[in-house]
Amino acid sequence: MTQTQNAAPDEAAVVYPSPFKEFWQGFSHNKGAVVGLAFMTLILLAAILAPWIAPYSPIEQYRDHMLVPPVWSDGGTSQFLLGTDEAGRDILSRLIWGARQSLFIGLSSVLMALIPGVVGGLLSAFFPKLLGSSIMRLMDVLMALPSLLLAVAIVAILGPGLINSIIAISVVSLPAYVRLTRASAMTELNRDYVTAARVSGAGLLRLMFVTVLPNCLAPLIVHATMSFSSAIIDAAALGFLGLGVQPPTPEWGMMLASARDYIERAWWVVSLPGLTILLSVLAINLMGDGLRDALDPKLKRAA
Amino acid sequence: MFSFILRRLGLLIPTFFGITLLTFSLIRLIPGDPIEVMVGERSLDPQMHAAALHRLGLDKPLYLQYIDYVVNLAHGHLGDSLITRVDVWTEFTTLFPATLELAICAMIFAVVLGLLAGIVAAIKRGSLFDHGVMGLSLTGFSMPIFWWGLILIMFFSVRLGWTPVAGRIDLAFDIPPRTGFMLIDTWLASSRDPSLSGAFVDALKHLILPTIVLGTIPLAVIARMTRSSMLEVLREDYVRTARAKGLSPSRVIFIHALRNALIPVLTVIGLQVGVLMGGAVLTETIFSWPGIGKWLIDAIQRRDYPVVQNGILLVATLVILVNFVVDILYGVANPRIRHAK
């Protein structure tokens, strides 16, 4: 946040910390980032351990206990800590199992956008003439469509479901990776070290992935974190519109789709899944801020 | 300047054709038969089925269908909805004012509050207000807006009964559509017909929650951007010079600093147009707002090919045109961009 450290007094006397330690110092300086990391660790553990820690099956319907409020409000029982939904399913268990869907969709769509995005970005930076400009025009086309609308259209074609949501979300987030990689690779390409590598006979693949790519990673990692959070929101939005993961699989956004009808009498059915989405996304964005501080000090003041 | 505009315009053409290719192929890949969708559950004998396919040109090879499609577009024919039989352009222009009205209100809400919050946060850097604004904007930025809409409805409409749950106007008011903007139409109607005097307030009440929901993410982005851009500018030498000259603090902030701080903020505002169109899909679904977003979602679910295809085309065209205008304005404001290759 503040800009204090100015000049290093004596270069020789400075002991450089290990890269990880240096990273952690930068990251942990941002308290929000640490809180975000802690919360996401919790969600991740819940997702992994779901079969063991969820009190009930997420799809089991307790017909005698429909729309039971959470334990702290009137009429709640300690049997169902966060209450039950309209079909008598335990909300806590559905949230825990739902974490699996959200994290899985988020992670896989980030990977599925990151890898082709980086390759496309590098290609268009190395061959800016024909290939590069056609890749960029293609990305312009994708960017002209509002992302959610494009995702909805893709899911409408492929049919609703988990895998198709992942495909839709990765297509939608692809252009940002391509542009980001291209922009940072273009600046790196003018540096002396790239010329040196080229002169000493490094091949194209080596230049792309070993020489240039590592120096473009910082903004990519920060962006990947941010797009992880938007992938979770988009997945939930698709679920909300009935186009994402299909019932009875519990998914946070889909839980809200059915909650709309109970808005007048069961606040917990409406509030809790959305609150979980909000907190997770907030936690990831906080982490992203911390990553930016640690990895990419240049960007610190920009956003 | 002129060559700059021409260059940008040249970039638009391949993008536009790319979009036509995309919307064309998207819709052909949808599983399910368009004729069956049209006739519904009833079965159709194969001859009539083939005749219907032929009439719609769906039996030709794909590349011919694409050429037909582009030629029709060039003639301004966007096709008819398979369900309502109304042509897509008419449907779009009828519904678009609803979305535009909502988007304009959301943008005003976001820009006014976002600029104010960002400026004050930058001036009072490190204060409680600053931390509050930063925390709230990060929360707003992380908000799943479909849930935000539900929560606002639950609180303000159901609990407190202050605002209506859905739609643009109470059914009791019969407002003749003149401009398509409900606020203007109700205003005009009530000035001529005193019995409609409550209509304007009613329309306003319908608009409040959707405006907040749609404006939340742009608000968060604008507040953050204004703050950091102001902080950057306030460090500049010319701001110190202005202060040293003895100018009043408000003059320094609003005339010297804000003008320069606004340039990146304007870009962000331009970029929010696409965000708004995406957000409109969810906001309109939640509030049953009869606009473009809800129309497209309904069309996708009903496999109304021409509507999906050309509705998306129209929205995308709108977005690239707005981005084009923002680019040009940016070039006007900043000569370095205008003269860059």
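Each reported figure results from applying straightforward, stated rules to the coordinates on display, with no laboratory input. No experiment lies behind these values; they were computed from the predicted model shown. Glycine also receives a Cβ, built like all others from the backbone with ideal geometry; neighbour counts cover every protein chain displayed.
Gap in Å between the Cα centre of segment B:149-188 and the Cα centre of segment B:69-110?
Cα centroid of segment B:69-110 versus Cα centroid of segment B:149-188: 22 Å apart.
Considering only the other residues whose Cβ falls under 11 Å of the Cβ of B:Ser81, what net charge follows from Lys and Arg at +1 and Asp and Glu at -1?
-3
Evaluate E = 1/(1 + (r/R0)^6) for B:Thr84 and A:Arg206, where r is the Cβ-Cβ distance and R0 equals 56 Å; express this FRET efficiency to the nearest 0.05. Kindly include the intermediate steps, with their values, before the conclusion.
Working: r = 59 Å, r/R0 = 1.05.
Rounded to the nearest 0.05, the efficiency is 0.40.
Compute and list, largest first, the equivalent-ellipsoid semi-axes of segment A:211-303 from the alpha carbon gyration tensor, each √(5λ) rounded to a whole angstrom.
After scaling each eigenvalue by five and taking roots: 35, 15, 8 Å.
Using the Karplus curve 6.51 cos²θ - 1.76 cosθ + 1.60 with θ = phi - 60°, what ³J(HN,Hα) values do you get for each residue of segment B:207-223, in whole Hz, with x for Gly and Pro?
7, 4, 5, x, 4, 4, 4, 6, x, 4, 5, x, 4, 4, 5, 5, 4
Compare A:Arg179, A:Arg100, A:Arg260 in a GNM of chain A, Cα atoms joined below 10 Å, and give the one with the largest fluctuation.
A:Arg260
Restricting to DSSP H runs of at least four residues, report the calculated mean residue ellipticity at 222 nm for chain B, -39500 (n - 2.57) per run over all residues, nearest 500 deg cm²/dmol.
So the helix-based figure for chain B works out to -24000 deg cm²/dmol.
How much FRET efficiency would the formula 1/(1 + (r/R0)^6) give for B:Ile13 and A:Arg191, where r is the Cβ-Cβ distance and R0 is 45 Å, rounded to 0.05?
Values: r = 35 Å, r/R0 = 0.77.
According to the calculation, E is roughly 0.80.
Over all pairs of distinct alpha carbons, what does the Kirkwood formula give as the hydrodynamic radius of segment B:104-204, in Å? Write down the numbers at each step before the final one.
Numbers: mean 1/r = 0.0606 Å⁻¹.
Radius from the Kirkwood sum: 16.5 Å.
Please give me the summed charge of the neighbours of A:Gly121: other residues whose Cβ is under 9 Å from its Cβ, Lys and Arg +1, Asp and Glu -1.
Around A:Gly121, the charge tally is +2.
So what's segment A:1-156 giving for Rg/Rh, alpha carbon basis, Kirkwood Rh from the mean inverse pair distance?
On the Cα set of segment A:1-156, Rg over Rh gives 1.16.
Order of B:186-196, A:158-168 by packing, highest average Cβ count within 10 Å first?
Most protected by this proxy first, the peptides run A:158-168, B:186-196.
How far, in degrees from 0 to 90, does helix A:19-29 lean away from the longest principal axis of the Cα atoms of chain A, to the nearest 10?
50 degrees
Once the principal axes of the Cα atoms of the protein assembly as shown are found, what is the range along each, listed largest first in whole angstroms?
Result, largest extent first: 86, 65, 59 Å.
Based only on the alpha carbon positions, what is the Kirkwood hydrodynamic radius of chain B, in angstrom?
Every distinct Cα pair counted, the radius reaches 23.3 Å.
Out of B:Thr211, B:Thr163, B:Thr179, any idea which swings most in a Gaussian network model of chain B, alpha carbons joined below 10 Å?
B:Thr179
Using the per-residue mean of other Cβ atoms lying within 10 Å as a proxy for protection, in what order, highest first, do the peptides B:233-239, A:214-220, A:199-205, B:291-297 fall?
Per-residue Cβ counts within 10 Å, averaged per peptide and sorted highest first, yield B:291-297, A:214-220, B:233-239, A:199-205.
If one takes the longest principal axis of the Cα atoms in chain A, at what angle in degrees, from 0 to 90 and to the nearest 10, does the Cα axis of helix A:213-240 lie?
20 degrees
Over all distinct alpha-carbon pairs, what is the Kirkwood Rh of segment A:108-248 in angstrom? Walk me through the numbers on the way to the answer.
Details: mean 1/r = 0.0625 Å⁻¹.
After inverting the pairwise mean of 1/r, the radius is 16.0 Å.
Which residues' amide hydrogens lie under 5 Å from the amide hydrogen of B:Asp87, considering only partners 5 or more residues apart or on another chain, with H built in the peptide plane?
Those qualifying (amide H under 5 Å, at least 5 residues apart or on another chain) are B:Ser81.
So how far apart, in nm, are the two label points at A:Asn215 and A:Arg63 if each is 7 Å from Cα heading toward Cβ?
Distance between label points: 6.9 nm.
Could you size up the charge dipole of chain B around its Cα centre, putting +1 on the beta carbon of Lys and Arg and -1 on that of Asp and Glu, and report it in debye to the nearest 20?
Using only the charged Cβ atoms, the result is roughly 1820 debye.
Which number do you get for Rg(Cα) / (2.2 N^0.38 Å) in segment B:217-322?
Compared with the compact-globule rule of thumb, segment B:217-322 sits at 1.60.
Using a simple charge model, +1 on the beta-carbon of Lys and Arg, -1 on the beta-carbon of Asp and Glu, nothing else, what dipole does chain A show about its Cα centre, in debye to the nearest 20? Let's see the in-between values first.
Working: 19 positive and 19 negative charges, 184 e Å.
For chain A, the charge dipole is close to 880 debye.
Along the Cα→Cβ direction, 7 angstrom out, place labels at A:Leu107 and B:Thr139. What is the inter-label distance in nm?
Taking the simple label geometry, A:Leu107 and B:Thr139 are separated by 3.0 nm.
What's the magnitude of the charge dipole for segment A:32-108 around its Cα centre, counting Lys and Arg as +1 and Asp and Glu as -1 at the beta-carbon? Answer in Debye, nearest 20.
260 debye
Could you check which residue among A:Val15, A:Val178, A:Val281 shows the biggest mean-square fluctuation in a GNM of chain A with a 10 Å Cα cutoff?
A:Val15
Be a star and scan segment B:203-218 for residues whose amide nitrogen sits under 18 Å from the point 7 Å along the Cα-to-Cβ vector of B:Val165.
Under 18 Å, as judged by backbone N against the label point of B:Val165, lie B:205-210 of segment B:203-218.
Among A:Gly132, A:Val110, B:Leu271, flag the residue with its Cα farthest along the positive direction of the charge dipole of the protein assembly as shown, charges on Cβ as +1 for Lys/Arg and -1 for Asp/Glu.
The listed residue farthest towards the positive side: A:Gly132.
Binned at 5 Å from 0, what are the whole-percent values of the Cα-Cα distance distribution for segment A:23-302, short to long?
1, 6, 11, 14, 14, 14, 12, 10, 7, 5, 3, 2, 1, 1, 0, 0
With each pseudo-label sitting 7 Å past Cα toward Cβ, what's the B:Lys245-B:Tyr66 distance in nm, one decimal?
6.0 nm
Towards the positive end of the charge dipole of segment A:189-264, with charges on Cβ (+1 Lys, Arg; -1 Asp, Glu), say which of A:Ile233, A:Ala202, A:Leu217 has the farthest Cα.
A:Ala202
Can you find, among A:Leu142, A:Ala257, A:Leu162, the residue farthest towards the positive end of the dipole of segment A:23-302? Put +1 on the C-beta of Lys and Arg, -1 on that of Asp and Glu.
The one lying farthest along the dipole's positive direction is A:Leu142.
Just to verify a number: FRET efficiency for B:Leu53 and B:Ile184, C-beta to C-beta distance, R0 = 41 Å, to 0.05? Numbers along the way, then the final one.
Details: r = 44 Å, r/R0 = 1.08.
Plugging the Cβ-Cβ distance into 1/(1 + (r/R0)^6) gives 0.40.
For chain A, find the longest principal axis of its Cα atoms and tell me its angle to the long axis of helix A:31-48, 0 to 90°, nearest 10.
Approximately 60 degrees, to the nearest 10.
If you plug each phi of segment B:92-105 into the Karplus form 6.51 cos²θ - 1.76 cosθ + 1.60 with θ = phi - 60°, what whole-Hz ³J(HN,Hα) values come out, in order, with x for Gly and Pro?
Once θ is set to phi - 60°, the couplings for segment B:92-105 become 4, 5, 6, 8, 4, x, 4, 5, 5, 4, 4, 5, 5, 4 Hz.
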